[in-house]
């Protein structure tokens, strides 16, 4: 019998296992993942990790492994223009530091993050079962039984579903979602350029959607480029010359010549919110609980907030001698995370609808709004603190850099 079984071995699943096992070493924690062993080593993407999440990684003892590969975001600028505009006026700028002097975010290669988390799992004795997925879920009074694709079963007092926005475990539990498609896809690619970016991130609001340039080490940048689903598919299928010509129109020339390195991929964009985050013997975390538009760069970091809140809930219940998988225990986690997730989902939905168009009255209104924020230092500080995750009054201890 396992105490906790995590389904999914992405950043959220690995972090959930590490957070609980580190704080409560006596608990038996295991992970199952559908991907074969070593598949994670092919992920060449990068992710924005906010300051609060880096504090949690420090508590895990792995930020020192990750930081040499991480690029601090020292500044962020926001523009609003048409693709054809020769000049893109800057409406909003953010300095990159929060109150304790650390950058509000870092760009971290996924490979470095997952390698460090898997190393922590190994040191803590967390067993990872590769190449198996959950095909059945039966929840009882004292434990849940998970049937795996290899025909075996695992019993656990608590199952944590971290298996993505199309979570099969969520479906097995009968948890419904509220969801819709934006008719957009996010093109993800890495480019190298001649001149240094100096740690500056850029968010260009273009008629088709936001175009984000996020700094990486060694004169490289990560792109999250929003287009209609049909146009994104065309661009990804095109050869590098055509793709780079279209990219140059949006990226501009201030960093010199640019070149795509590695794969370019497109991912459909939509909003998905689970109607419940918990069920008997089950908790949802990360994209299994919520999938949002990348316009705010908060998707992964919402997952880290889930991890910190869930781990604190489980560990404190265990110390009190309570059942970690009971619905009464899990309701605390749901109450902690549900409103924040709903608020972020609504915010990203409104921002995407507001900025993914070229209607003159709406464009004027949003540019006036950006200009007002630019001229109010206190408001800018509030927004940067919110983005960094350092000012939330109900932050779990891990996100404040404290042990559970």
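Each residue in the stretch 239-259 was checked for being over 20 Å from residue 203 (Cβ atoms) and touching a strand residue (DSSP E or B) at 6+ places or on another chain (Cβ under 9 Å), and 6 of them qualify.
Residue 218 meets the conditions (1) more than 20 Å from residue 245 (Cβ to Cβ); (2) assigned to a loop (DSSP other than H, G, I, E, B); (3) out of contact with any strand residue (DSSP E or B) (no Cβ under 8 Å at 6 or more places or on another chain) in every case but one. The failed one is (3).
Touching a residue at least 24 places away in the same chain (Cβ under 8 Å), surrounded by fewer than 22 Cβ atoms within 10 Å (Cβ to Cβ), under 18 Å from residue 110 (Cα atoms) and over 18 Å from the mean Cα position of the chain (by Cα): does that describe residue 33?
Details: touching a residue at least 24 places away in the same chain (Cβ under 8 Å): yes; surrounded by fewer than 22 Cβ atoms within 10 Å (Cβ to Cβ): no; under 18 Å from residue 110 (Cα atoms): yes; over 18 Å from the mean Cα position of the chain (by Cα): yes.
In short, no.
The residues in the stretch 143-154 that are surrounded by fewer than 15 Cβ atoms within 10 Å (Cβ to Cβ) and in contact (Cβ under 8 Å) with a residue 60 or more places away in the chain can be counted, and the count is 1.
Listed here are the residues, each with its yes/no results for (1) touching a residue at least 60 places away in the same chain (Cβ under 8 Å); (2) touching a helix residue (DSSP H, G or I) at 6+ places or on another chain (Cβ under 7 Å); (3) in a loop (DSSP other than H, G, I, E, B); (4) loosely packed, with under 15 Cβ neighbours inside 10 Å.
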{"site": "166", "(1), (2), (3), (4)": "no, no, yes, yes"}
{"site": "179", "(1), (2), (3), (4)": "yes, no, no, yes"}
{"site": "184", "(1), (2), (3), (4)": "yes, yes, no, no"}
{"site": "187", "(1), (2), (3), (4)": "yes, yes, no, no"}
{"site": "210", "(1), (2), (3), (4)": "yes, yes, no, no"}
{"site": "214", "(1), (2), (3), (4)": "yes, no, no, no"}
{"site": "227", "(1), (2), (3), (4)": "no, yes, no, no"}
{"site": "232", "(1), (2), (3), (4)": "no, no, no, no"}
{"site": "235", "(1), (2), (3), (4)": "no, yes, no, no"}
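So residue 101 fits all but one of (1) without any contact (Cβ under 8 Å) to a residue 40 or more places away in the chain; (2) under 24 Å from residue 14 (Cβ atoms); what number is the exception? For residue 101, the failing item is (2).
Residue 349 falls short on exactly one of the conditions (1) in contact with a strand residue (DSSP E or B) (Cβ under 6 Å, 6 or more places away or on another chain); (2) buried (at least 20 other Cβ atoms within 10 Å of the Cβ); (3) modelled with pLDDT under 90, and that condition is (2).
The values are calculated or read from the model by the stated rules, or taken from the named source; none is laboratory data. From a predicted model like this one, the values you see are computed outputs, not experimental measurements. Because the Cβ atoms are built from the backbone with ideal geometry, glycine has one as well, and the counts that use them run over all protein chains shown.
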